[in-house]
């Protein structure tokens with residue numbers, strides 16, 4: 001296990017409390033840094049509602065609220081079209097928000113016992129079930145439901161499980177469909193990722209095959225290549241040492257480093273195209289962190305990508321050889337930092353006032369606590385004097401407080417400063433998940449240009465104390481996209 005030694009009892013909270021408002025303001029003005037990690041999968045940009053109707057939220061002790069409910073469109077970052085439903089009813093979106101594929105355990109579904117039922121709804125309703133006459137018959141609807149009504153009814157059924165809210169479709173046919181889906185939903189297993197690498201960081205000595213790095217993908221085949229700038233002689237191989245330029249699901253990759261190579265590092269990228277499995281979660285990232293969480297309802301062939309980092313010491317060098325990765329741990333409320341030390345001496349680093357020692361040949365994980373909707377920047381000093389940096393945001397909960405029906409958050413057209421991606425506002429005139437239209441029919445979900453600024457403030461709260469938070473800039477070992 002990690003051996004921990006206190007260093008003066010310094011706490012991150014104390015550092016934050018002492019941080020000056022001026023410093024926070026200066027940092028907030030800049031966009032948060034992108035994480036070095038590439039967790040893998042598809043990325044896309046949010047468009048708007050393409051099929052929708054109206055729904056009504058009933059709240060104990062409060063006024064009913066009407067909002068739009070329906071199907072969103074997203075454009076794949078490198079090609080492909082996706083459609084999604086919202087699974088975060090009270091949280092607003094951002095205009096043209098950037099989204100990436102995310103495992104259930106790193107999203108608001110991590111502790112939702114009904115997550116599998118949402119997948120059943122997606123598989124058994126619109127748009128996967130495009131024969132609306134048959135869908136209407138299955139649901140006991142008189143006549144044939146329209147696409148807009150089907151989208152609204154499907155979204156309402158999903159909200160009942162994703163946010164535990166008392167919500168009804170405004171249209172009778174849509175409400176009939178929602179009731180049918182809710183009653184008949186069965187728990188299904190989380191779908192596999194479109195593409196991921198595990199672990200996403202490996203290390204060792206020159207003269208060795210470093211790995212394995214396992215490929216998981218829904219694509220038939222993906223392309224494998226070292227990133228530009230890799231030292232001469234370094235190559236990607238299989239367990240038998242044969243060069244690899246393509247890989248399939250379940251195959252292991254290794255990076256072969258010549259024995260005469262100097263200490264160095266290289267990046268590995270795997271790319272392909274595939275139909276993204278229905279039910280994959282999409283969360284905002286970069287400047288869009290905290291934007292309303294979505295779940296995949298349909299996909300064309302889309303581009304997917306994942307990356308891993310490889311570092312090595314000289315063949316005759318004695319010392320630590322750490323590979324570091326991170327993963328949001330929604331269950332424990334923080335970021336898991338995994339360190340694999342493949343060197344012959346222990347690796348020592350500091351994090352938030354604590355000293356950690358990882359023995360030679362050991363792999364350990366430590367939890368770095370992070371508040372919900374709190375952007376973070378974690379730094380660790382490497383043995384060679386360089387630094388590895390990870391940034392991100394913990395987005396693990398919906399804003400459906402008090403069960404969503406007893407006075408919780410309200411659909412909003414702007415995030416609340418108290419909660420990045422926040423909740424309270426005044427406009428309740430439309431959104432699949434929150435209200436307020438800023439661009440076309442963009443989710444009418446509280447899209448707001450103020451969100452990146454607020455996210456910047458959240459980043460500042462941790463960055464201001466960054467001098468005390470040392471983190472090795474290494475990739476996420478074992479960060480599945482699944």
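The values are calculated or read from the model by the stated rules, or taken from the named source; none is laboratory data. Worth saying up front: this structure is predicted, and the values here are computed from it rather than measured. Here the Cβ positions follow ideal geometry from the backbone for every residue, glycine too, while neighbour counts run over all protein chains shown.
Would you be able to say whether some residue in the range 211-223 is part of a helix (DSSP H, G or I) and either farther than 30 Å from residue 313 by Cβ or in contact with a helix residue (DSSP H, G or I) (Cβ under 9 Å, 6 or more places away or on another chain) (or both)?
no
Name the residue that is nearest to residue 51 (Cα to Cα), counting only residues in the range 71-90 that are touching a helix residue (DSSP H, G or I) at 6+ places or on another chain (Cβ under 8 Å) and part of a strand (DSSP E or B).
71
With respect to the numbered conditions (1) over 30 Å from residue 263 (Cα atoms); (2) at pLDDT 95 or above; (3) surrounded by fewer than 23 Cβ atoms within 10 Å (Cβ to Cβ), which one is the sole condition not fulfilled by residue 305?
Unmet for residue 305, out of (1) over 30 Å from residue 263 (Cα atoms); (2) at pLDDT 95 or above; (3) surrounded by fewer than 23 Cβ atoms within 10 Å (Cβ to Cβ): (1).
Just the residues that are in a loop (DSSP other than H, G, I, E, B) and under 19 Å from residue 200 (Cα atoms), please, taken from the range 343-375.
343, 361, 362
Name the residue that is nearest to residue 83 (Cα to Cα), counting only residues in the range 120-138 that are surrounded by 21 or more Cβ atoms within 10 Å (Cβ to Cβ) and out of contact with any strand residue (DSSP E or B) (no Cβ under 9 Å at 6 or more places or on another chain).
135
Do we find that residue 219 is within 27 Å of the chain's Cα centre (by Cα), modelled with pLDDT of 95 or more and surrounded by 15 or more Cβ atoms within 10 Å (Cβ to Cβ) in this structure?
The answer is yes for residue 219.
What number of residues within the range 116-147 satisfy the criterion of being out of contact with any helix residue (DSSP H, G or I) (no Cβ under 6 Å at 6 or more places or on another chain), part of a loop (DSSP other than H, G, I, E, B) and closer than 21 Å to residue 163 by Cα?
Residues meeting the conditions: 1.
It is to be established whether one or more residues within the range 98-106 are in a loop (DSSP other than H, G, I, E, B) and in contact with a helix residue (DSSP H, G or I) (Cβ under 9 Å, 6 or more places away or on another chain).
no
So residue 27 passes all but one of these: (1) buried (at least 18 other Cβ atoms within 10 Å of the Cβ); (2) in contact with a helix residue (DSSP H, G or I) (Cβ under 8 Å, 6 or more places away or on another chain); (3) modelled with pLDDT of 95 or more. Which condition number does it fail?
Of the numbered conditions (1) buried (at least 18 other Cβ atoms within 10 Å of the Cβ); (2) in contact with a helix residue (DSSP H, G or I) (Cβ under 8 Å, 6 or more places away or on another chain); (3) modelled with pLDDT of 95 or more, the odd one out for residue 27 is (3).
Being touching a helix residue (DSSP H, G or I) at 6+ places or on another chain (Cβ under 8 Å), closer than 19 Å to residue 250 by Cβ, touching a residue at least 40 places away in the same chain (Cβ under 8 Å) and assigned to a loop (DSSP other than H, G, I, E, B), is that true of even one residue in the range 191-210?
Yes, the range 191-210 contains a residue that is touching a helix residue (DSSP H, G or I) at 6+ places or on another chain (Cβ under 8 Å), closer than 19 Å to residue 250 by Cβ, touching a residue at least 40 places away in the same chain (Cβ under 8 Å) and assigned to a loop (DSSP other than H, G, I, E, B).
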